[in-house]
Amino acid sequence: MSIQKRVIICNGPPGNGRDDMLRDLKEIAAFGYHHLFQYIVEEASLDNTNLTKINILDFYDSQPQKMEQYRLKALDKIINKINSEGGVHIISTPVHFEWKGNRFEGLTEDDVQVLNPDMFIILFDDIVRVRDRLAADVQWQDHKYTLGEIANWRREEVNSVYRLAESFVPKRNIQLVAYENDVEIVRDLIYKPSKETVYLSHPITGEGADFFKKITKFLDSLSEYYVIYDPYLIKDWDIVEQWRDAINETIDAGQEMPDTFTFNMEYKTGPVSVEFDIKEVETAIKNLRFQIIDSDYKIIENSDLTVVYHPRKSISAGVMCEMVYAKALAKLVYAYYPYEPSPFFEWYATRIFTDADEMRDFLIKESRMTGQRPLDYFSGNQDK
């Protein structure tokens, strides 16, 4: 009789809070927690090699064959534990490392084929908070990573994970989770696979604190029934918008940009204000602007449906683009919009609600968690 098991590979570059999130998950769920780094250190110690966070990448650079032996032995131990114990197991490691101009792999395609994961979860944070974490970590603090390097590193990590997931047929499930999300989202993704995932599309530019409080309230009303992704929790948007506002203000005033730029970020833990060199910010922004679109579209791809919350009359260009993209992927798009819609908005929505409570009640009734009608009931397939 085979042992029932569920294998999750949790990725994300150093400094993104991956293991912080998994430690929080340990407080509310039971699983086998396999931090690949720790297994490698243990294997090295059996060979009388003292590897630590400080020297492990230098060792990888100077003795790649030896390091590869330790890594493969570590993976064998993890696989043996998974096969013997069953249950939920999470392997934690970056896929892509950058160190002193070189690149290293945390996992290869051969590795993941043997691990045979049910899902990949990429945990990531905005580049400002990642920079702070790296500066406080003994492994990374001597290398002063720029915002541009951090943005590039994350892009490479995401692309590498996608290549690994696409090595399976069909492609393995991938979920991107921002650190600012609650740990309950990670728990539900792993332990409630029947809970549908929703991308919540809504205006961001020009909206104030009261609007986002309404969004949070709406999210909370559906959290029992869906795993909901709010793109605003990916704080890269704040970085790009503050930069854009500063540029536009200097253009209007006919002035040159100052030598420094200050980001003001509002996190769940409180406000943060950080000053950067203007050239460093300018380089990072060019990369970050495209990553914002790419990550939002990837989350739409990985979600079961898209829900639009749009209480204002003027249509957000970003929301419209997300609706078009979702429909092109044959996703259902349910929208709250209390005004007469344009033909384009109407075309790309599966159904439009003029009352937010009505849309919420509909989504709850139609959710898989309540066992009601399938979500495609109103898509025109009910008579087939």
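The values are calculated or read from the model by the stated rules, or taken from the named source; none is laboratory data. Since the model is a prediction, treat every value here as computed from it, not as a measurement. Neighbour counts are summed over all protein chains in view; Cβ atoms, including those assigned to glycine, are modelled from backbone coordinates with ideal geometry.
Does region 1-11 hold any residues that are at pLDDT below 95 and surrounded by 14 or more Cβ atoms within 10 Å (Cβ to Cβ), and which are they? K5, R6 - these are the residues of region 1-11 that are at pLDDT below 95 and surrounded by 14 or more Cβ atoms within 10 Å (Cβ to Cβ).
The residues of region 292-329 that are surrounded by 14 or more Cβ atoms within 10 Å (Cβ to Cβ) and not in a helix (DSSP H, G or I), listed by number, are S303, D304, L305, T306, V307, V308, Y309, H310, P311, R312, I315, S316. Do we find a residue being part of a helix (DSSP H, G or I), outside the structural domain of S223 (by TED's automatic domain parsing) and without any contact (Cβ under 8 Å) to a residue 60 or more places away in the chain anywhere in region 137-151? Yes, the conditions are met somewhere in region 137-151.
In region 187-217, the qualifying residues are those that are under 21 Å from the mean Cα position of the chain (by Cα) and among the aromatic types (F, W, Y), and the one that is nearest to L332 (Cα to Cα) is Y199.
Within region 8-21, residues that are outside any strand (DSSP E or B) reach partners that are crowded, with 24+ Cβ neighbours inside 10 Å and among the acidic types (D, E) with beta carbons closer than 7 Å, at six or more positions or on different chains, in the pairs N16/D125; G17/D125.
Can F218 be described as aromatic (F, W, Y) and not in a helix (DSSP H, G or I)? Criteria not met by F218. Note on region 243-279: among residues that are outside any helix (DSSP H, G or I) and among the aromatic types (F, W, Y), the one that is nearest to K213 (Cα to Cα) is Y267.
Looking across region 65-121, the residues that are under 24 Å from Q4 (Cα atoms), of a type in the set (S, T, Y) and outside any helix (DSSP H, G or I) come down to S92, T93. So which residues in region 276-288 are closer than 16 Å to E156 by Cα and buried (at least 17 other Cβ atoms within 10 Å of the Cβ), if there are any at all? Once the filter is applied, which keeps residues that are closer than 16 Å to E156 by Cα and buried (at least 17 other Cβ atoms within 10 Å of the Cβ), region 276-288 yields A284, N287, L288. Among the residues of region 73-102, how many are surrounded by fewer than 18 Cβ atoms within 10 Å (Cβ to Cβ) and touching a residue at least 24 places away in the same chain (Cβ under 8 Å)? Total meeting the criteria: 11. Does region 191-205 hold any residues that are at pLDDT below 95 and of a type in the set (V, I, T), and which are they? The answer is I204, T205. For region 35-57, filtering for residues that are part of a helix (DSSP H, G or I) and farther than 12 Å from F97 by Cβ leaves 9.
Scanning region 340-355 for residues that are surrounded by 14 or more Cβ atoms within 10 Å (Cβ to Cβ) and within 15 Å of K313 (Cβ to Cβ) yields P341, F345, I352.
Residues are listed down the side, and each one gets a yes or a no for (1) surrounded by fewer than 20 Cβ atoms within 10 Å (Cβ to Cβ); (2) outside the structural domain of G270 (by TED's automatic domain parsing); (3) touching a residue at least 12 places away in the same chain (Cβ under 8 Å):
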site: Y179; (1), (2), (3): no, yes, yes
site: V183; (1), (2), (3): yes, yes, yes
site: R187; (1), (2), (3): yes, yes, yes
site: P203; (1), (2), (3): no, no, yes
site: K235; (1), (2), (3): no, no, yes
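The single condition from (1) touching a residue at least 24 places away in the same chain (Cβ under 8 Å); (2) part of a loop (DSSP other than H, G, I, E, B); (3) of a type outside the set (A, V, I, L, M, F, W, C) that Q175 fails is (2). The set of residues in region 1-44 being among the polar types (S, T, N, Q) and within 17 Å of I121 (Cβ to Cβ) consists of N11, N16.
Looking only at region 206-215, residues that are exposed (fewer than 12 other Cβ atoms within 10 Å of the Cβ) and either modelled with pLDDT of 90 or more or not in a helix (DSSP H, G or I) (or both) come to 2 in all.
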